[in-house]
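So the structure is just underneath, and the comments pick up after that.
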Amino acid sequence: MQNLAVVRLMDDALVWYPPGAGAQPLPLHSAEDVADFAARLRSARWQACFAAPGAEVRVVTLPVAPAEKKHLARALPYLFEEQVADDIEALHFAARALDKSRYAVAICSHHAMQRWAEALAHLPDLPQWVPEALLLPWRAGEWCLVMDGEQVIVRSGEGDGFTVERELLPVVLEAAAEQQLPEAIIVYAGDHAATLELLPPGLRERVQWRQGNLCSALLLSNEGPALNLRQGAYAPRLPLQQWWNHWRLAAGVVLGAFALQLAATWADYRSLAAENLALRGALEASYRQAMPQGALVDAERQLQRQLDSLRGGPGAGSFVPLLERAGGVIAQRPSARVLSLNYNQRGGEMRLNIVASDFSAVEQLRAGLADAGLAAEMESSSAQSDGVRARIRVRGA
C-alpha cells in the first residue's frame, strides 16, 4: 500500500505505520506524536486507516443469492444468529461484495467499536476501519501469516482471516486446512525454526519464508477497496466543523452582502409601495372628476370599461367621432339648441331632442347633418310655446 498509513493498537497503545515503512511502527503516545502524524498525512497526502484488532473481529465469506442483495444489510444479523454466541443486538455487522455471489462479512461487538472510537478520538478522522487480517497481502491459493509477538495474524482468503494466539495456531490452521488446503503459505517471521514447530506437519512443506514483520507485509498489501467496519451507525460523517472553520470567513462575507442586498431590496419595496399608493390615489381622484357617482373598486378597469362602452360595438359608429361631427353642425346654427342626447351603443346611433325657432330651422339642421355625411332622420316634431320641438335620429352613414 503505497499511500495508506495504518494505525493499530499494540499492547493497548496506538502506533502507526507510514506507507512504505519496513521498520518498526511509530508511536502515537504524545500530543507531539499526533501533531507529527497529522502533519505528515497532510503534506504527503496519505490516506489513513485503522487496523481493527483481529482478535475482536470475525471475518468470513458469505455466499449471497441475487434476491438477497437488496436487503442484505438488514438481513445479516439474522443470517448469523445461530453462529454467534452473543445477542445479535450487541453485535455490529459490515459487508463488502467480493463478486456477484460472495460477500466478505465482518462481525464485532458494538462495545469494541465504541472503545476504538474513544481511543482514536484525538487523531484525525480515519474513515476506514479494516480488520487487520485483511490488510495482509494475498493471492488466490495462498495463505499469509505474520508472527506478531504472542499473536499470529492470518489471512486465508480474499475475505477471510483471523488473529489467534501462538499456542492455538496449530489447531486453527488444521481446521482451516480441512476446508481448503492452500498451495502456499507465506510466512513473515524472524525465528523460522520456532515458527515451523507451530505449523501442522501437513502444511510445513508449503511454507515460503519472508523476512520482516507486519511492516514488511504491509509493503506488499493489495491495493483496492477493503472491508470497512465503518458502516451503518458508524459510517463517517461529513466534516462540517472542518468545513465551517475553512469557509466561515467567506460565508460571513456572503451573508453580509446578502443582508445588505436584502435591506436595499426592502427599502426599494417600501419606496415603490408608497409611490404606488400615491399613484393609485391620484388615479382615483382623476376618476372621480370624470365619474362622480357610483362605487369605485378598480378605477383603471372601470374607466376602461366606460371608454369601451362609448366606442360602440363591431360595425357601429363611435360615439365620440359621431358627437364631434354632429356638434360641429349644431354649433353653426344658433337658432337650434339641444335639450338632451341619448346614445344607443348597440345601434351606434344617437337621438337629439332639440328646440328651434320654427320648422324651417329644424329642417335646416337635419339637412346640415346629412350634408356632413351623417344619416339624419326626423322622428317627430311639434310646435310649443317656446318654439318647435323635434327629435332627430343621427348615425354614421
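Just one of the listed residues (373, 396, 387) is free of Cβ contacts under 8 Å to residues at least 40 places away in the same chain and more than 14 Å from residue 341 (Cβ to Cβ), and it is 387. If you take the residues in the stretch 366-397 that are among the hydrophobic types (A, V, I, L, M, F, W, C) and exposed (fewer than 13 other Cβ atoms within 10 Å of the Cβ), which one is modelled with the lowest pLDDT? The selected residue is 397.
Quick one: which strands (runs of 3 or more DSSP E) lie wholly within the stretch 59-136 and hold at least 2 residues that are over 26 Å from residue 29 (Cα atoms), in contact (Cβ under 8 Å) with a residue 40 or more places away in the chain and not hydroxyl-bearing (Ser, Thr, Tyr)?
Values: elements: 91-97, 102-109, 128-131.
Ranges flagged: 91-97, 102-109.
Across the stretch 73-96, the qualifying residues are those that are farther than 16 Å from residue 231 by Cβ and among the hydrophobic types (A, V, I, L, M, F, W, C), and the one among them that is surrounded by the most Cβ atoms within 10 Å (Cβ to Cβ) is 84.
Within the stretch 202-212, can one find any residue that is closer than 30 Å to residue 18 by Cβ, touching a residue at least 60 places away in the same chain (Cβ under 8 Å) and in contact with a Phe, Trp or Tyr (Cβ under 8 Å, 6 or more places away or on another chain)? Give the steps one after another, and end with the answer.
Initially, the stretch 202-212 is screened for residues closer than 30 Å to residue 18 by Cβ, giving 207-212.
Among the residues that remain, those that are also touching a residue at least 60 places away in the same chain (Cβ under 8 Å) are: 212.
Those left that are additionally in contact with a Phe, Trp or Tyr (Cβ under 8 Å, 6 or more places away or on another chain): 212.
Scanning the stretch 202-212, I find at least one residue that is closer than 30 Å to residue 18 by Cβ, touching a residue at least 60 places away in the same chain (Cβ under 8 Å) and in contact with a Phe, Trp or Tyr (Cβ under 8 Å, 6 or more places away or on another chain), so the answer is yes.
Remark: residue 268 matches the filter, which requires a residue to be modelled with pLDDT of 80 or more and over 26 Å from residue 350 (Cβ atoms). Every listed requirement among (1) free of Cβ contacts under 8 Å to residues at least 12 places away in the same chain; (2) assigned by TED's automatic domain parsing to the domain that holds residue 16; (3) more than 30 Å from residue 104 (Cα to Cα) is met by residue 196 save one, (3). Which of the residues spanning the stretch 155-164 are without any contact (Cβ under 8 Å) to a residue 60 or more places away in the chain and either under 20 Å from residue 219 (Cβ atoms) or not small (Gly, Ala, Ser) (or both)? Selection gives 155 alone. Among the residues that make up the stretch 143-165, is at least one of them more than 19 Å from residue 54 (Cβ to Cβ) and at pLDDT 90 or above? No, that holds for no residue.
Would you kindly identify the helices (runs of 4 or more DSSP H) lying entirely within the stretch 164-226 that contain at least 2 residues that are among the hydrophobic types (A, V, I, L, M, F, W, C)? Show your work before the answer.
Numbers: elements: 169-179, 192-198, 201-204, 214-219.
Ranges flagged: 169-179, 192-198, 214-219.
Within the stretch 317-333, at least one residue is outside any helix (DSSP H, G or I), in contact with a helix residue (DSSP H, G or I) (Cβ under 9 Å, 6 or more places away or on another chain), modelled with pLDDT under 90 and surrounded by 15 or more Cβ atoms within 10 Å (Cβ to Cβ).
Residue count for the stretch 11-55, restricted to those that are farther than 17 Å from residue 128 by Cα and modelled with pLDDT under 90: 9.
The values are calculated or read from the model by the stated rules, or taken from the named source; none is laboratory data. All values reported here derive from a predicted model rather than from experimental measurement. Here the Cβ is made from the backbone with ideal geometry for all residues, glycine too, and neighbour counts use every protein chain on show.
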